[in-house]
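Enquirer: Questions regarding the structure given below will be posed in turn.
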Amino acid sequence: MSEYLREPIDISQPQRVSNAYIGVFLIRNLRAWIIVFLIYAAGPILQGDNSAYAIVPIGPYPIRIISIMLVAITLIVLLTLLFSFLSYRRIRWQVSGGEVHIKKGILRRVDKRIPIAKIQSVDISESLTERIFKVATVKIDTAGGEGDDGKIPCIRKDVSSYMRDRIFAIKNAEAEPTQNPAPDGLSAACSVPQMHAQAMNTGTAQVLLPNVVYRMPLKNLILTGLSNSKALLIALIILGGLSQFADIFFKTVAYESAYTFLSTIAIPGLIAIVVAFFFASWFISVLGVLISNFGFTVRNEASKIEIERGLIDHKTISIEKNRIQEVRISQGLIRRIIGYAEISVTTATLKVQAQSGGKGANEGVLGLTVLHPFISMNEVDFFLKTVLPDFDGRPREFNALPRRADFRSIRRYVLWMFPFVLIAWLSISFIFSAITGTHVVNYVSEHLLLIILTSLPVLIFMGITGHLSYRGKGVSVNDRFLSVRTGAWGRKYSFVPRRKIQTARISVNPFQAHARLATLAGTTGAHAFPSLRDVDFEYGAQYLEWSVLKT
Amino acid sequence: MRIAPTEKLNKRVVHAWRFTALIISLIVSIFCAIPFVVLFMLDVFTAGYLLMPAGLFALLFIVFVIILPQIRYTRFRYYISDDEISIKKGILVITYTVVPMIKIQYTDTKHGPVMRTLRLAAVNIMTAGGTVEIPGLPFADAEAMRDRITELVKTVKENV
């Protein structure tokens, strides 16, 4: 896993980051400066307005601009260089005494000690600039959420993976003190082969040996991008937009031959722009998926899962298995048709510290991590069994929601869409009544049939979606798991082990009370929960009973 | 028991809620009244316009000070059994919460200035998934409850 260190280092002593930091910092900040600079420079240059450069008294116009630019650029580079050098000199890190100690900052000084026992993940990422200099950023995350303070930028790549291995070795040693006596001597410089030997001696060989479960082939990567559900959404929007514009187009042609100019040139042009815009954003979304998932690799280790991905920003994410709260298997419509899914997990980010002061709850953000972006439904079980054996044995059969929830679901979807249809038609009416010079009320009454005929399909579509959403919902429990299925066109299967459920909750709003329905919810350490609207109230009550059953 | 907890809060908690709601209503009304008063002093508005912020205060007073605390008190029920704590609460949306004893990490009592004047305290029950609160118990009861929960948690965890 860890590359061999180029030279032995003793990370229990304070370490500086790589001197590449100066370069990385410089480039990163100059990039921002250049954009600002171009914006300021472009205006006067494009307008031929040289009044902005009047402070340079001599020479013709181009020379003034060039001299100002040169002075400005030199100043900016020098200042940035000074700052990057000062900030480079401030950064120190070390791993010793069961802590990671980070000191950094010029103006806002950070002096951070992170107990290794509390570290939840150590992520190594390389931005494009960092890759040029062959360095990486190490991000240490605890349950409390360290933010940027837990980041150490520009560490040599071999040192970064060595550091991560050391942290997890110490953490594992702390977790199993009986098997593995605290390796105080180990914290001194040692190379990777020694660490492997150490791990094997104590019977935790798998902790450090790589075990690649999945490496994504190029074909699947491209399929992942193309079957991205955003692509479908955008295609639908294009279709919807086209149909709306086609209506207006034909309407205008039929109605006002005087506006042939508008209908023959402006409207096709508008359609072209809209189509181009949506195709561009679709292309960007596909490209984004391709870039961020490039080289997706999952490694399975005894107590954690490691994921590597990314073309430009190479990311390494490690997840501790016992912190996983919920597993989600989700499919958009396209992926559902071709029988593929994405597996993601939520991990605990919220931790309550028992302090006498009472300022306890330290809330983190919702942590959702993709374990596998594109997996055949047939392989899901095998994958989960291999990677997360604790999550094997979820219930397969789902209880449908009561029939009276169906109507509520349809009504909710239709009512949700109604204002959008209304606003769309109102704005179209106002624009075209202004163009044709009719009063808006007359315009609406003349086109009432058209308005109804175009709005109805949209509302019917939403109604069908509401019904499908009702059909897609299902819930079941067995002795170990709560399992929830949702989705109108796509499908999402979430399951939570009962021992991870911290509080179980059902809530009933007045409408639900009337229909004897309830919303099933709860909390886990991850602050995300597969809640489900409109289950039978009795089922909800049983769920509460189930949550406190003794195993 | 899980969907019909029996215990009620102390009646005095309604006064505390009313007092807090009164303060908030006053602050909101005063802020809303500022532009009206300014415009009145600039002779843009007649005195009649000043009735609008007054009316707002009256509305807030009736809804948040008179009606809601009473409903909130009536609806709130809790029950502590050996294995779990169940709570039923809410004004429009009724929520039933169940906290298994083994999930409880620790409990504490707290009381703000208003609650303290009325000699009331809230018991906070912390789990890894957030905090559940039982507000408005007399000091002694709150402390007894906290100790009892701690004791129950200990027993349950030993059994598991």
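No lab work stands behind these numbers, since they all come straight from the coordinates. All values derive from a computational prediction rather than experimental measurement. Cβ: placed from backbone, ideal geometry, glycine included. Neighbour counts: every protein chain shown.
Enquirer: Would you please give the residues with an amide H less than 5 Å from that of A:Val110, counting only those at least 5 places away or on a separate chain, with H modeled from the backbone geometry?
Expert: Residues meeting the amide H criterion: A:Lys104, A:Gly105.
Enquirer: Also, quick follow-up: Taking the Cα centre of each part, how many Å lie between region A:488-507 and region B:40-93?
Expert: That distance is 33 Å.
Enquirer: Over region B:82-159, consider all pairs of different Cα atoms and compute the Kirkwood hydrodynamic radius from their mean reciprocal separation; express it in Å, one decimal.
Expert: In region B:82-159 this quantity evaluates to 13.2 Å.
Enquirer: Add +1 for every Lys or Arg and -1 for every Asp or Glu among the other residues with Cβ under 15 Å from the Cβ of A:Lys385, and state the total.
Expert: Numbers: positive: A:Lys321, A:Arg394, A:Arg396, A:Arg480; negative: A:Glu379, A:Asp381, A:Asp390, A:Asp392.
It works out to a net charge of 0.
Enquirer: Continuing with the same structure: Put +1 on the Cβ of each Lys and Arg and -1 on the Cβ of each Asp and Glu in region A:402-513; which of A:Ser433, A:Ala513, A:Thr465 then has its Cα farthest toward the positive end of the dipole?
Expert: About the Cα centre, the residue reaching furthest to the positive side is A:Ala513.
Enquirer: Let me confirm one metric for peptide B:98-104, namely the mean number of other chain beta-carbon atoms within 10 Å of its residues' beta-carbons. Could the numbers behind the result be given before it?
Expert: Numbers: counts 12, 7, 10, 1, 3, 9, 2.
Other-chain Cβ atoms within 10 Å of each residue's Cβ, averaged: 6.
Enquirer: Short version: ³J(HN,Hα) in whole Hz for each residue of region B:7-12, in order, from phi by Karplus 6.51 cos²θ - 1.76 cosθ + 1.60 (θ = phi - 60°), x for Gly and Pro, what are they?
Expert: Values per residue, Gly and Pro as x: 6, 10, 7, 5, 4, 5 Hz.
Enquirer: Can you tally the net charge around A:Ala20? Count Lys and Arg as +1, Asp and Glu as -1, for every other residue whose Cβ sits under 13 Å from the Cβ of A:Ala20.
Expert: +4
Enquirer: Report the one residue of B:Thr107, B:Pro69, B:Thr20 whose Cα lies farthest in the direction of the positive end of the charge dipole of chain B (charges on C-beta: Lys and Arg +1, Asp and Glu -1; origin at the Cα centre).
Expert: Selected residue: B:Pro69.
Enquirer: Mind ordering A:529-542, B:139-152, B:42-55 by average Cβ neighbours within 10 Å, highest first?
Expert: Details: A:529-542: 20.4, B:139-152: 15.6, B:42-55: 11.4.
The densest-packed peptide leads the list: A:529-542, B:139-152, B:42-55.
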